[in-house]
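Peer 1: Can you read through this structure? Questions will come right after.
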Amino acid sequence: MAKNEMLAMILAGGRGSRLKDLTNKVAKPAVYFGGKYRIIDFPLSNCANSGIDVVGVLTQYESVLLNSYVAAGGRWGLDSRGSGVFVLTPREKADEQLDVYRGTADAISQNIDFIDSYEPEYLLVLSGDHIYKMDYDKMLKFHKEMGADATIAVRPVPMKEASRFGIMNTDSEKRIVEFEEKPEHPKSNLASMGIYIFSWKLMRKLLIEDMKNPESSHDFGNDLIPKMLETQKSLYAYEFKGYWKDVGTIDSLWEANMDLLDDKNELDLGDPSWRIYTEDAASLPQYIGKEACISHSYVTQGVRIDGEVKNSVIFTGATVGKGAKVIDSVLMPGVKVGEGAVINRALVAENIKIAANTKVGKKDSEDILLVAKNVKGSD
């Protein structure tokens, strides 16, 4: 196979239990976002826009839908000769009869042969469940300029929230001198984004050593990064200042959708210079009824609205009946809102039916209500 300067591996096997019923049957990276996208579209589009031709997607939990979705590499322009998106599932280990990924580092270790077949000089490791736009080529240039063994993308977070993250403490030249996992008293506010560039020859050696260590949890954050610091390897922090969101909870997924309504939102899904590619659903055009009222909302193709939609995100194929009100809410694909129903501060899962004249959610609630079952009217 052709030699590639940098190959990307996307870790997409997480259970996503904090998303509750949304991930009962699909992996977290396959969850819908932003009217017509899935979360996995963002790292895959970032790879395509950054000029990365070969991407491995490491799947595990509820992976059938995700596997079939990412296997169609043409959605992201990764289907030409010498490029591709490859689904990589766990393989049974002869010595332990284990057919799961035991940790983030183990997921890469199990696929060393795949990576070696492309002879990359650098390995990019990504998470499959974050919403952001990032040029990985700029991060690679930084990695080269610093002569780094590993570069970790970080972003500033409010100091009061820093104890929730893995924190990188750096010197004046951005060299990482200490890594703290969710410290009670953080020394800096540079939080790891879970995006790594490794010089492959060194990381390959470290992964093989880690595989043989029975005390290791086989995780980059818990094992490999601390090991590299202990052995005086050259680690640098690449500071990212653009939009980034970990949509790991119902509230954060709702918030990220609501961010799209901000005129100054940095994500800007309409930016032609950095497109986010996705499945092009064969949907009908929008239909907006004569009694409809829409304000400050994100409405996708295939939607029919006969009622009121305010400050909301409406996904492909959703319908809002006459006299119905959808306020501060997210309706995922195929949601049907009956006539006269009222939805407030809710995230409604795919294909859910809200009966006529019912009320869902509360206007002044601090928490976002997840609606994952049909709402029936009174008899």
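Peer 1: Can you send over the solvent-accessible area of SER378, 1.4 Å probe, protein chains only, in Å² to the nearest 10?
Peer 2: For SER378, the solvent-accessible surface is approximately 120 Å².
Peer 1: Search the structure for amide H atoms under 5 Å from the amide H of TYR238, placed 1.01 Å from N in the peptide plane, and list their residues when 5 or more places away or on another chain.
Peer 2: Amide H neighbours of TYR238, under 5 Å, 5+ apart: ILE152, ALA153, VAL154.
Peer 1: Which aspartates and glutamates does LYS182 reach when only Cα atoms under 17 Å apart count, and residues fewer than 8 places away in its own chain are ignored?
Peer 2: Cross-link targets: GLU161, ASP219, ASP223, ASP246.
Peer 1: Percent of accessible area on the chain owned by carbon and sulfur, 1.4 Å probe?
Peer 2: C and S fraction of accessible area: 46 percent.
Peer 1: Quote to one decimal, in nm, the extra length available between SER365 and ASN169 on full extension: 0.36 nm per residue of separation minus the C-alpha distance between them.
Peer 2: Full-extension gain reported as 66.8 nm.
Peer 1: Express the accessible area of the stretch 216-346 per residue in Å², computed with a 1.4 Å probe while the remaining protein chains stay in the model.
Peer 2: Value for the stretch 216-346: 45 Å² per residue.
Peer 1: Sort 307-317, 36-46 by packing, meaning the average of other beta carbons within 10 Å per residue, with the highest value first.
Peer 2: Taking the mean over residues of other Cβ atoms within 10 Å, the ranking is 36-46, 307-317.
Peer 1: Suppose every K and R has +1 on its Cβ and every D and E has -1 on its Cβ; what is the size of the dipole of the stretch 114-210 about the Cα centre, in Debye to the nearest 20?
Peer 2: 300
Peer 1: While we're looking at this one, here's another question. Please report how far the C-alpha centroid of the stretch 33-74 lies from that of the stretch 288-348, rounded to the nearest whole angstrom.
Peer 2: Using only Cα atoms, the two centres lie 28 Å from each other.
Peer 1: Further question: Under Stokes-Einstein, with the Kirkwood radius over Cα pairs standing in for Rh, what whole-number D in µm²/s applies to the stretch 87-235 at 10 °C and 1.306 mPa s?
Peer 2: The Stokes-Einstein estimate is 97 µm²/s.
Peer 1: Return the whole-Å distance between the Cα centroid of the stretch 223-270 and the Cα centroid of the stretch 101-128.
Peer 2: Measuring centre to centre over Cα atoms gives 21 Å.
Peer 1: Strictly over 18 Å apart at the Cα level, which of LYS160/LYS363; LYS133/LYS264; LYS36/LYS376; LYS212/LYS233; LYS25/LYS363; LYS245/LYS325 would you flag in this model?
Peer 2: LYS160/LYS363; LYS36/LYS376; LYS212/LYS233; LYS25/LYS363; LYS245/LYS325, as the Cα separations exceed 18 Å there.
Peer 1: Another question, if that's okay. Please give the solvent-accessible surface of LYS205 in Å², to the nearest 10, using a probe radius of 1.4 Å with every protein chain present.
Peer 2: Its heavy atoms expose roughly 120 Å² to the probe.
Peer 1: Give me the compactness ratio for the stretch 159-287, meaning the Cα radius of gyration over 2.2 N^0.38 Å.
Peer 2: Output field value: 1.39.
Peer 1: For the chain, with a Gaussian network of springs between Cα atoms less than 10 Å apart, report the residue from ARG102, ARG204, ARG275 with the top mean-square fluctuation.
Peer 2: Maximum fluctuation in the GNM of the chain, among the listed residues, is at ARG102.
Peer 1: Let me ask another. So how exposed is VAL375, as accessible area in Å² (1.4 Å probe, rounded to 10)?
Peer 2: In the full protein context, VAL375 sits at about 40 Å².
Peer 1: Given H placed 1.01 Å from N in the peptide plane, which residues other than close sequence neighbours of LEU88 have an amide H under 5 Å from its amide H?
Peer 2: VAL57, LEU58, THR59
Peer 1: 222 nm [θ] for the chain, helices only, -39500 (n - 2.57) per DSSP H run of 4+, per residue, to 500?
Peer 2: Helix-only estimate at 222 nm: -4500 deg cm²/dmol.
Peer 1: Search the structure for amide H atoms under 5 Å from the amide H of GLY361, placed 1.01 Å from N in the peptide plane, and list their residues when 5 or more places away or on another chain.
Peer 2: Correct list: ASN344.
Peer 1: Apply 1/(1 + (r/R0)^6) to the Cβ-Cβ distance of ILE288 and ASN24, taking R0 = 51 Å, and write down the FRET efficiency to the nearest 0.05.
Peer 2: Rounded to the nearest 0.05, the efficiency is 0.95.
Peer 1: Could I ask something else about it? Starting at the first residue of the stretch 342-352, write each ³J(HN,Hα) from the Karplus equation 6.51 cos²θ - 1.76 cosθ + 1.60 with θ = phi - 60°, in whole Hz, x for Gly and Pro.
Peer 2: 10, 10, 10, 6, 9, 10, 9, 5, 3, 6, 6
Peer 1: With every atom except the alpha carbons ignored, what do you get for Rg and Dmax of the stretch 246-335, in angstroms?
Peer 2: Using the Cα atoms of the stretch 246-335, the pair Rg, Dmax is 13.5, 40 Å.
Peer 1: Taking every DSSP beta bridge that has both residues in the chain, what percent is antiparallel when rounded to the nearest 5?
Peer 2: 30
Peer 1: Can you give the Kirkwood hydrodynamic radius of the stretch 320-366 from its Cα pairs, in Å with one decimal?
Peer 2: Over the stretch 320-366, the inverse of the mean reciprocal pair distance is 10.3 Å.
Peer 1: Still on this structure, please answer the following. For the chain, just the Cα atoms, rotate onto the principal axes and tell me the three extents in Å, largest first.
Peer 2: For the chain, the Cα spread along each principal axis is 67, 47, 43 Å.
The values are calculated or read from the model by the stated rules, or taken from the named source; none is laboratory data. All values derive from a computational prediction rather than experimental measurement. For neighbour counting, all protein chains shown are included, and Cβ atoms are generated from backbone atoms with ideal geometry for every residue, glycine included. To get the accessible areas, we keep the full protein, side chains included, count just its heavy atoms, and leave off ligands, DNA and RNA. Shrake-Rupley method; radii C 1.70, N 1.55, O 1.52, S 1.80 Å.
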